[in-house]
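A.B. asks: Provided herewith is a single structure, encoded as structure tokens, for subsequent inquiry.
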Amino acid sequence: MRVLIVEDELLVAMEIEYILKSNGIAVSGCASNISEAQNIVRQQECTFALVDINLADGDSGLSLARWLAEQNIPSLHVSGNCPADRNATPAVGCLRKPFSPRDLISGLHAAEAILNDASPKCVPSGLELFCASS
């Protein structure tokens, strides 16, 4: 798994990157807005994305998740403002901020299980899944 991090708060992005790398998960890059994210996707291999909802420059993580889905890159929102309407985004779900390192890794593994048509072993309390396994 190679993860793209899309987060407009630098310290949060750095924390997510540190947690992922500390757990052996490769990071493709960090972006704060849609344009930066699209540039990373075009230049780096990305197999999954963690996407905040409210991005820099007034960009929407919901719009980015739709673009990522068109590129066959699944995503999980990581936000304090998870969408009320599950149909507003093609993301697998939303992990609420603030989160612990354990919740982030468990949430990522739960999303990965769903994408592989399996049942997640552990779903952190702050994770809302938008699609269920078949």
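Just so it is clear, none of the values below were taken in a lab; they were calculated from the coordinates. In this text the structure is predicted, and so the values were computed from the model without any measurement. Here Cβ is always computed from backbone atoms with ideal geometry, including for glycine, and neighbour counts include all displayed protein chains.
A.B. asks: Explain nothing, just the number: dipole magnitude of segment 1-56 about its Cα centre with +1 on each Lys and Arg Cβ and -1 on each Asp and Glu Cβ, in debye rounded to the nearest 20.
C.D. replies: In total the dipole reaches around 280 debye.
A.B. asks: Moving on. Under a Cβ-Cβ limit of 4.7 Å, which cysteines in the chain have nobody to pair with?
C.D. replies: Cys30, Cys46, Cys122, Cys131
A.B. asks: Please give the FRET efficiency for Glu45 paired with Tyr18, using the beta carbon to beta carbon distance and R0 = 22 Å, rounded to the nearest 0.05.
C.D. replies: About 0.60, to the nearest 0.05.
A.B. asks: Sequence-distant or interchain residues sharing an amide H contact under 5 Å with Phe130, placed H: which?
C.D. replies: Long-range HN contacts for Phe130: Gly93, Cys94.
A.B. asks: Per 0.36 nm of contour for each residue apart, how much would the distance between Ser63 and Gln38 grow if the chain were fully extended, relative to their Cα-Cα spacing?
C.D. replies: Answer, rounded to one decimal: 7.8 nm.
A.B. asks: Let me see the pair-distance distribution of the chain: every alpha carbon pair, 5 Å bin width, integer percents in order.
C.D. replies: Bin by bin from 0 Å, the calculated values are 2, 12, 23, 27, 23, 11, 2, 0.
A.B. asks: Which of the listed residues, Asn23, Ser60, Gln71, is farthest toward the dipole's positive end in segment 2-129, when Lys, Arg count +1 and Asp, Glu count -1 at the beta-carbon?
C.D. replies: Asn23
A.B. asks: Follow-up. From the backbone phi of segment 122-129, what are the Karplus-calculated ³J(HN,Hα) couplings (6.51 cos²θ - 1.76 cosθ + 1.60, θ = phi - 60°) in whole Hz, Gly and Pro given as x?
C.D. replies: Going residue by residue, I get 9, 10, x, 4, x, 9, 10, 8 Hz, with x marking Gly and Pro.
A.B. asks: Sequence-distant or interchain residues sharing an amide H contact under 5 Å with Ala26, placed H: which?
C.D. replies: For Ala26, whose amide H was placed from the backbone, the distant partners under 5 Å are Val3.
A.B. asks: Which one of Val51, Ser35, Ser106 is farthest out on the positive end of the charge dipole of the chain, using unit charges on Cβ (Lys, Arg +1; Asp, Glu -1) and the Cα centre as origin?
C.D. replies: Farthest towards the positive pole: Ser106.
A.B. asks: Along segment 17-29, what does the Karplus equation 6.51 cos²θ - 1.76 cosθ + 1.60 (θ = phi - 60°) give for ³J(HN,Hα), rounded to whole Hz, x for Gly and Pro?
C.D. replies: Taking θ as phi minus 60°, the curve returns 4, 4, 4, 4, 4, 5, 9, x, 9, 6, 10, 6, x Hz for segment 17-29.
A.B. asks: Please compute the contact order of segment 47-106 in relative form: average sequence separation of alpha-carbon pairs under 8 Å and at least six residues apart, divided by the residue count, as a percent. Display every interim value, and only then the final one.
C.D. replies: Numbers: 87 pairs, mean separation 18.8, N = 60.
Relative contact order here is 31 percent.
A.B. asks: Considering Cα pairs under 8 angstrom that are at least six residues apart, work out the relative contact order of the chain and quote it in whole percent.
C.D. replies: On the way: 248 pairs, mean separation 24.9, N = 134.
Once divided by the residue count of the chain, the mean separation gives 19 percent.
A.B. asks: Can you tell me the dipole magnitude for the chain around its Cα centre, using point charges on the Cβ only (Lys, Arg +1; Asp, Glu -1), in Debye to the nearest 20?
C.D. replies: The dipole of the chain has a size of about 360 debye.
A.B. asks: Please give me the summed charge of the neighbours of Ile53: other residues whose Cβ is under 15 Å from its Cβ, Lys and Arg +1, Asp and Glu -1.
C.D. replies: Net charge around Ile53: -4.
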